[in-house]
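Novice: Mind looking over this structure? Questions follow.
Readers should treat all values here as calculations from the given coordinates under stated rules, not as data from a laboratory. Being a predicted model, the structure only gives us computed values, none of them experimental. Neighbour counts run over all protein chains shown; Cβ positions are idealised from the backbone, glycine included.
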């Protein structure tokens with residue numbers, strides 16, 4: 001696989017376990033690897049909370065618990081007070097987990113068995129209960145321990161870390177994965193530990209970066225522990241975590257001889273009667289990321305508003321396909337769907353757009369029309385940008401099913417529909433049948449009307465400037481999310497509007 005589009009691979013749990021086995025085979029000492037994991041977790045804890053003097057470490061029975069026992073032993077050796085809580089009796093532990101527990105006992109620590117009445121005191125709590133092999137809803141006593149860990153700070157003892165004490169929960173370090181999070185999907189069945197920092201080992205896990213997991217993982221730090229996944233080409237990553245540098249790779253400086261005809265002509269087909277705002281937002285974004293020419297085909301009632309708001313956009317009133325055909329012929333790329341409606345007008349203009357056979361971005365109402373009128377249509381040159389509800393309708397699933405396995409949903413949707421699919425939401429996914437990119441940027445302020453229209457415009461505006469629709473989708477998702485982060489950084493998340501992204505998107509499109 002060509003990895004030029006990203007440098008941070010993401011894996012499934014079984015792949016990482018395979019890496020773990022290979023690494024232990026190479027080194028001949030699995031306990032040494034566990035010790036490195038415990039040391040890496042402890043180093044991350046000290047770097048994040050240097051003033052912490054009292055830890056509470058909760059250990060399960062597997063290797064994840066073993067990592068926790070090593071953290072406890074290291075902290076005790078450094079003179080920190082440590083409350084060590086065993087959710088499985090030490091005498092029942094086996095293998096390296098037992099060796100780690102003996103190391104903690106040798107440091108002078110006395111494990112205390114978990115009980116619902118137990119007070120969890122400490123400046124930082126360490127979650128070493130359930131590892132990457134755990135799936136489904138946590139059983140007792142883990143469920144009860146998770147609930148206690150997630151109690152508000154106000155009901156617990158004060159913490160030494162003042163900055164984190166101001167948050168709604170106490171500082172928590174999760175080892176490898178917050179207990180209760182499915183590292184393959186990001187799904188949380190019932191509840192999971194709400195970590196402040198997650199330190200994950202050997203290979204970074206896909207499910208830590210998308211879906212419900214984002215409410216639980218906090219900041220994620222990946223420690224390779226000496227593993228070199230590139231040396232094992234048979235273990236192909238399931239996705240790649242995106243980074244800012246990809247924008248510069250996709251959008252190098254323009255040649256001095258560039259002209260508007262060389263940067264693409266995008267036709268936005270949007271805005272049924274009463275829904276002109278979506279058409280305007282989409283058109284503006286097309287222009288702001290550098291398309292050479294921008295045309296807008298919309299209901300006639302929106303033309304004057306478009307000319308007033310954005311005179312650079314060539315707005316045309318469209319009553320039906322007779323008015324639209326010439327505009328479609330003149331364009332290189334189509335963006336269709338925002339504010340389109342699902343009535344006769346929307347159906348007619350979408351049919352005209354699809355018949356033209358030109359690269360297109362399909363969003364919003366156009367996706368719903370595909371379900372009803374083109375249920376089996378496939379295209380190689382389109383980009384579909386559904387949110388989870390729209391993806392569910394396209395697949396005939398429930399929205400909860402999409403969110404339970406976002407990776408599986410985007411793969412299935414691309415298989416059925418072809419082209420490139422962007423599954424929006426926390427940890428947006430972009431999949432073209434070959435490469436899957438996961439966007440780690442964006443913020444909750446994007447939960448406002450018009451954000452999807454802005455993304456449609458950004459992707460469409462890039463189509464004439466980059467190598468392929470897939471690259472336009474990947475780059476567009478990045479610009480969209482980063483622009484929202486910049487806007488939120490300047491003015492906060494609440495009240496963030498889609499139109500706020502325009503100036504930031506322009507800046508990002510000029511790396």
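Novice: Which whole-percent values make up P(r) of the stretch 1-93 when all C-alpha to C-alpha distances are grouped in 10 Å steps starting at zero?
Specialist: Each 10 Å bin holds this share of Cα pairs: 14, 36, 31, 15, 4.
Novice: Report the full-extension gain for the segment residue 380 to residue 351: residue separation times 0.36 nm, less the Cα-Cα distance, to one decimal in nm.
Specialist: 8.7 nm
Novice: Can I ask one more? Applying 1/(1 + (r/R0)^6) with R0 = 45 Å to the Cβ-Cβ distance of residue 230 and residue 325, what FRET efficiency is obtained, to the nearest 0.05?
Specialist: About 0.30, to the nearest 0.05.
Novice: On to the next question. Just subtract the alpha-carbon distance of residue 249 and residue 112 from 0.36 nm times their residue separation and send over the number in nm, one decimal.
Specialist: 43.9 nm
Novice: Determine the gain in length on full extension of the stretch residue 102-residue 447; use 0.36 nm per residue of separation and subtract their C-alpha separation, reporting nm with one decimal.
Specialist: Between residue 102 and residue 447, full extension yields an extra 119.3 nm.
Novice: Kindly state, to the nearest 0.05, the FRET efficiency for residue 51 paired with residue 140, given R0 = 25 Å and r defined as their beta-carbon distance.
Specialist: 0.15
Novice: Once the Cα gyration tensor of the stretch 245-508 is found, what semi-axes does its equivalent ellipsoid get, as square roots of 5 times the eigenvalues, in whole Å, sorted largest first?
Specialist: Equivalent-ellipsoid dimensions as semi-axes: 24, 23, 18 Å.
Novice: Specify the angular offset, from 0 to 90 degrees and rounded to the nearest 10, of the alpha carbon long axis of helix 321-330 from the longest principal axis of the alpha carbons in the chain.
Specialist: Helix 321-330 sits roughly 70 degrees off the main axis of the chain.
Novice: While we're looking at this one, here's another question. With the contact rule set at Cα under 8 Å and sequence spacing of 6 or more, what percent relative contact order holds for the stretch 8-236?
Specialist: Relative CO of the stretch 8-236 lands at 21 percent.
Novice: In whole Å, what are the extents of the stretch 225-293 along the principal axes defined by its C-alpha atoms, from largest to smallest?
Specialist: Ordered largest first, the stretch 225-293 gives principal extents of 58, 38, 19 Å.
Novice: How many Å³ per residue does the convex hull of the Cα positions in the chain occupy?
Specialist: 151
Novice: Each label point is 7 Å from the Cα along the Cα-to-Cβ direction; what then is the distance between the points at residue 373 and residue 190, in nm?
Specialist: Result for the modelled spin labels: 4.7 nm.
Novice: Within a 10 angstrom radius of the beta carbon, how do 59, 439 rank from fewest other beta carbons to most?
Specialist: Least crowded to most crowded, the residues run 439, 59.
Novice: On to the next question. Taking N as the number of residues in the stretch 320-451, what is its Cα Rg relative to 2.2 N^0.38 Å?
Specialist: Relative to the 2.2 N^0.38 Å estimate, the stretch 320-451 comes out at 1.05.
Novice: Output the 0 to 90 degree angle, nearest 10, between the alpha-carbon long axis of helix 344-356 and the longest principal axis computed from the alpha carbons of the chain.
Specialist: Approximately 90 degrees, to the nearest 10.
Novice: Among 173-180, 406-413, 231-238, how do they line up by average Cβ neighbours within 10 Å per residue, starting with the highest?
Specialist: Packing order, densest peptide first, comes out as 173-180, 406-413, 231-238.
Novice: Hey, what does the equivalent ellipsoid look like for the stretch 408-495, semi-axes from the Cα gyration tensor as sqrt of 5 times each eigenvalue, largest first, whole Å?
Specialist: In descending order, the three semi-axes are 24, 15, 10 Å.
Novice: While we're here: With the cut-off at 26 Å, report for the stretch 8-236 the share of all Cα pairs above it, as a whole percent.
Specialist: Above the 26 Å cut-off, the stretch 8-236 has 30 percent of its Cα pairs.
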